[in-house]
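Student: Quick one: structure below, then a few questions.
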Amino acid sequence: MIQIEYILIVSAVMMFAGIFGFFTRRSTLAILLSIELMLNATDLNFAVINRLMHTGGHEGYFFTLFSIAISAAESAVAIAIMINIYRQLKDTTADKLSKLKW
Amino acid sequence: MDSYNIMFVVLAGIIVASSVLTVVTRSIMRAATYLFFALLGTAGMYFLMGYTFLGAVQTMVYAGGIIVLYVFAILLTRGTKDRISENTRSKIALSALLSLVGFGLVAFIIFTANLRAQVITAPDESVMNMSTLGRNLLSTDPDGYLLPFEAVSVLLLACIVAGVMIARKR
């Protein structure tokens, strides 16, 4: 017997930890780690809401499944871009990446 | 307080501690390791809810695939030199304040939304079995998910091509 609020609170902690990391990190790879944390929190929320409030259907379940697949693809492409940037500029810090700016 | 509750408390402690440590630790390699434990704790949470296939997917794709990819990327670039302390102290304090205020708002909404009656009990076979999952995933019925399934397969193919195109040596 677990109340739904406690799982939602755990997921909210994960979400806002990710937001804090997104604001404070400098390295683009660390920013991506924070984004993964946020995506994971939303996945957990979808699964919990589907399990506890909508027991007849499986919409949240499949949304979580496809969300995991899409975030895997997203991080693969993002890491390819990071490695390419590192090869060109020898730096992946977010402040230094201003070549495309003006 | 039965074993189910004890398991939940352990998993919640792991998730909360490692997700906070992911964003405050100084070394990015340690951040990736803590993220690994946060993702494994989430997989355990799926198992606890009876969504065993989802937990297995989470373990394989996130913990097994994405974290390894991140570790390789950190080691290939100079990401190991990342330090959180390059920020000014006021910016970190403002970010922490913003996150705490947002968390307080969300917690207030959750606790006043009258979810008290919703409890999760130990799962049985009726929650989600593999035959329901397979039928839903590969059927064209109104509750079937064949179209997003195929769309994801095309997306993954596009990502493979894009990854090779972007990261190849010229």
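No value in this document is a laboratory result; all are computed from the given coordinates. Please read these numbers as outputs of a predicted model, since none were measured by experiment. Cβ coordinates were reconstructed from backbone atoms using ideal geometry, including for glycine residues, and neighbour counts include every protein chain displayed.
Student: Just to be sure, is B:Ala93 part of a helix (DSSP H, G or I), among the hydrophobic types (A, V, I, L, M, F, W, C) and within 9 Å of chain A (Cβ to nearest Cβ)? Break it down into steps so the answer makes sense when it comes.
Tutor: Working: part of a helix (DSSP H, G or I): yes; among the hydrophobic types (A, V, I, L, M, F, W, C): yes; within 9 Å of chain A (Cβ to nearest Cβ): no.
It is false that B:Ala93 is part of a helix (DSSP H, G or I), among the hydrophobic types (A, V, I, L, M, F, W, C) and within 9 Å of chain A (Cβ to nearest Cβ).
Student: Quick check on A:Ala17: is it in contact (Cβ under 8 Å) with a residue 12 or more places away in the chain, within 7 Å of chain B (Cβ to nearest Cβ) and either in contact with a Lys or Arg (Cβ under 6 Å, 6 or more places away or on another chain) or of a type outside the set (Ser, Thr, Tyr) (or both)?
Tutor: On the way: in contact (Cβ under 8 Å) with a residue 12 or more places away in the chain: yes; within 7 Å of chain B (Cβ to nearest Cβ): yes; either in contact with a Lys or Arg (Cβ under 6 Å, 6 or more places away or on another chain) or of a type outside the set (Ser, Thr, Tyr) (or both): yes.
So A:Ala17 fits the description; yes.
Student: Buried (at least 17 other Cβ atoms within 10 Å of the Cβ) and closer than 30 Å to B:Gly50 by Cβ, is that true of A:Glu59?
Tutor: No, not satisfied.
Student: Tell me which residues, restricted to the range A:49-102, are facing chain B (nearest Cβ under 7 Å), of a type in the set (Phe, Trp, Tyr) and over 20 Å from the mean Cα position of the chain (by Cα).
Tutor: If the condition is that a residue be facing chain B (nearest Cβ under 7 Å), of a type in the set (Phe, Trp, Tyr) and over 20 Å from the mean Cα position of the chain (by Cα), then A:Tyr86 is the only one that fits.
Student: A further question on this structure: Confirm whether B:Phe37 is in contact with a Ser or Thr (Cβ under 8 Å, 6 or more places away or on another chain) and more than 7 Å from every other protein chain (Cβ to nearest Cβ).
Tutor: On the way: in contact with a Ser or Thr (Cβ under 8 Å, 6 or more places away or on another chain): yes; more than 7 Å from every other protein chain (Cβ to nearest Cβ): yes.
So B:Phe37 passes the test.
Student: Quick one: in the range B:12-49, of everything that is touching a strand residue (DSSP E or B) at 6+ places or on another chain (Cβ under 9 Å) and more than 24 Å from A:Ala76 (Cβ to Cβ), which residue is surrounded by the most Cβ atoms within 10 Å (Cβ to Cβ)? Steps first, please.
Tutor: Step one: of the range B:12-49, the residues touching a strand residue (DSSP E or B) at 6+ places or on another chain (Cβ under 9 Å) are B:28, B:48-49.
Now drop any that are not more than 24 Å from A:Ala76 (Cβ to Cβ), which leaves B:48-49.
Numbers: B:Leu48: 19, B:Met49: 25.
So the residue we want is B:Met49.
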